[in-house]
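The block underneath contains the structure these notes are about, expressed in structure tokens.
The values are calculated or read from the model by the stated rules, or taken from the named source; none is laboratory data. Computed from a predicted structure; not experimentally measured. When we count neighbours, we look across all protein chains shown, and the Cβ atoms used for this are built from the backbone with ideal geometry, even at glycine.
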Number of protein chains: 2
Amino acid sequence: MANSPSGDSMLDRVVRILESFDDTQPRLTVGALSRRSGIPQATTYRLVGELVQHGLLTRETDGRIRLGLRLWELVARSAPARDLREAALPFLQDVQSVVHQHTQLAVLQDGEVLVLERLSASDSVVNQASVARRLPVHDTSLGMAMLAFSPPEVQDSYRHRFPRVDERSAATRRDFRRTLAEIRRRGHARFDGMLDEGTTGISVPVLTRAGYALAALGVVVPTSAVRQHAVVPVLMAAARGIARGVGERPPDGASFSH
Amino acid sequence: MANSPSGDSMLDRVVRILESFDDTQPRLTVGALSRRSGIPQATTYRLVGELVQHGLLTRETDGRIRLGLRLWELVARSAPARDLREAALPFLQDVQSVVHQHTQLAVLQDGEVLVLERLSASDSVVNQASVARRLPVHDTSLGMAMLAFSPPEVQDSYRHRFPRVDERSAATRRDFRRTLAEIRRRGHARFDGMLDEGTTGISVPVLTRAGYALAALGVVVPTSAVRQHAVVPVLMAAARGIARGVGERPPDGASFSH
């Protein structure tokens with residue numbers, strides 16, 4: 001494998017170039033790409049040329065570079081989470097149309113919450129700007145709903161990954177375990193104002209046959225909203241529908257008896 | 001650049017591996033990947049290992065390979081056509097809710113029509129299965145609506161690319177030019193039963209300031225539907241809204257006076 005003098009492979013460098021783009025910086029000059037990726041400018045220039053030739057990047061008329069439509073096409077055609085997103089979308093829209101609040105589908109990825117779909121409060125249009133965003137696990141009902149229904153080794157790896165939790169006092173560590181147990185018992189996670197003042201996140205896991213979370217479904221509602229409690233059964237029913245849609249048979253009364 | 005004995009670069013091989021997946025074959029064994037990409041099995045095996053390590057591919061529990069969630073995330077966060085798709089989605093939903101038929105947004109890509117979004121007839125849910133599909137240019141109202149509002153060199157490159165048109169008689173070639181002129185005059189393209197018997201495709205271009213198509217917006221309606229003509233102004237108004245949404249100021253009465 002063609003290694004550079006610094007020892008990183010060609011693929012490392014390609015991935016670092018692709019990772020340099022994000023929603024705030026979708027277009028970059030070659031110079032900016034070089035700085036963001038930490039790859040020397042001459043190498044960046046040559047690599048960008050090759051990636052443009054393959055359609056993975058596009059050079060705009062002003063010379064700036066962005067991800068290519070060919071790359072979007074490859075991924076859209078065979079999107080990794082497409083089965084789950086397709087199965088979930090009608091249920092997300094059902095929840096949104098009953099609850100009239102932000103409705104989200106997320107998975108655990110690399111110790112963070114990765115948002116797969118999000119419908120805004122005002123209508124049932126997918127809010128693409130916030131799709132593919134990452135959120136912390138321990139500050140969100142989405143993250144905690146999944147963590148509570150994860151195998152012990154995942155919960156352990158999470159604690160290992162997030163020193164913020166482990167470095168707290170023993171009491172807090174006990175609280176953390178107790179919180180997960182409580183979420184399992186109730187079948188849903190609820191957090192007030194963890195991300196935004198005045199909002200409450202309520203999420204339930206989408207469960208596999210074995211009773212583990214493959215995703216989470218959640219809403220963000222004003223904390224003052226009446227009838228918050230009515231949200232949970234709506235979410236639970238929808239989560240079962242999503243699980244069924246991807247070929248899982250959620251355990252009987254899973255969310256309550258787990 | 002690390003060239004294999006056959007002379008293709010590492011990047012060639014990575015792209016061929018990524019291209020091997022599609023909506024009918026989202027999961028492949030390493031053997032099938034090797035066959036579909038034409039890359040020797042040992043090389044495929046090594047490359048897959050590296051791609052899995054970078055999260056661009058994922059190995060499932062049964063050993064089969066699929067595109068990685070990390071790749072989806074990279075692309076979703078900075079999707080090449082996201083500005084256009086975001087600007088278009090509310091208008092697609094408006095059209096769909098008035099017309100109640102399949103509503104699509106597409107661009108020209110490599111001499112074909114690439115579908116960016118598609119709302120189904122029965123509801124306004126994005127039909128992800130048909131997103132990123134390619135359609136022929138000359139058999140679809142989407143393709144012809146864009147071609148009619150393309151610079152002469154694009155129209156020429158299209159004729160060059162599609163011998164089916166050029167190899168026909170001079171009369172047909174004249175028909176082709178006349179068809180494009182007619183679409184420009186009317187501001188929309190309409191084709192009966194070109195893709196499916198009993199359906200009519202009606203599309204309008206989304207125009208830049210300069211009066212060229214940057215995309216097309218179209219519906220597929222039953223040919224027998226009454227009030228087909230009422231569809232065109234709805235599409236035209238929506239196309240202007242989409243153009244405005246991506247910072248273009250569509251020319252005054254563009255579609256009629258062009």
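I want to confirm something. Restricting to segment B:232-258 and keeping residues that are of a type in the set (A, V, I, L, M, F, W, C) and either over 22 Å from the mean Cα position of the chain (by Cα) or modelled with pLDDT under 90 (or both), which single residue is surrounded by the most Cβ atoms within 10 Å (Cβ to Cβ)? Among those that are of a type in the set (A, V, I, L, M, F, W, C) and either over 22 Å from the mean Cα position of the chain (by Cα) or modelled with pLDDT under 90 (or both), it is B:Ala254. Scanning segment A:72-90 for residues that are closer than 27 Å to A:Leu57 by Cα, touching a residue at least 24 places away in the same chain (Cβ under 8 Å) and in contact with a strand residue (DSSP E or B) (Cβ under 8 Å, 6 or more places away or on another chain) gives A:Ala81, A:Arg85.
Taken over segment B:26-62, residues that are within 11 Å of chain A (Cβ to nearest Cβ), outside any helix (DSSP H, G or I) and within 21 Å of A:Leu18 (Cβ to Cβ) amount to 6.
Among the residues of segment B:164-200, those that are modelled with pLDDT under 80, assigned to a helix (DSSP H, G or I) and surrounded by fewer than 18 Cβ atoms within 10 Å (Cβ to Cβ) comprise B:Arg164, B:Val165, B:Asp166, B:Ala170, B:Ala171, B:Thr172, B:Arg173, B:Arg174, B:Asp175. For segment B:8-25, a residue qualifies if it is assigned to a helix (DSSP H, G or I) and more than 19 Å from B:Glu60 (Cβ to Cβ), and the qualifying residues are B:Met10, B:Leu11, B:Asp12, B:Arg13, B:Val14, B:Val15, B:Arg16, B:Glu19. Checking segment B:203-225 against the condition returns a match, with at least one residue being at pLDDT 85 or above, touching a Gly at 6+ places or on another chain (Cβ under 7 Å), of a type outside the set (A, V, I, L, M) and assigned by TED's automatic domain parsing to the domain that holds B:Leu92. Scanning segment B:102-116 for residues that are farther than 15 Å from B:Val204 by Cα and more than 8 Å from the chain's Cα centre (by Cα) gives B:Asp110, B:Gly111. Taken together, the residues in segment B:63-122 that are within 17 Å of B:Ala145 (Cβ to Cβ) and either at the interface with chain A (Cβ under 7 Å from one of its Cβ atoms) or not small (Gly, Ala, Ser) (or both) amount to 20. Restricting A:Val30, A:Val52, A:Val48 to those that are closer than 23 Å to B:Leu114 by Cα and at pLDDT 90 or above reduces the list to A:Val52.
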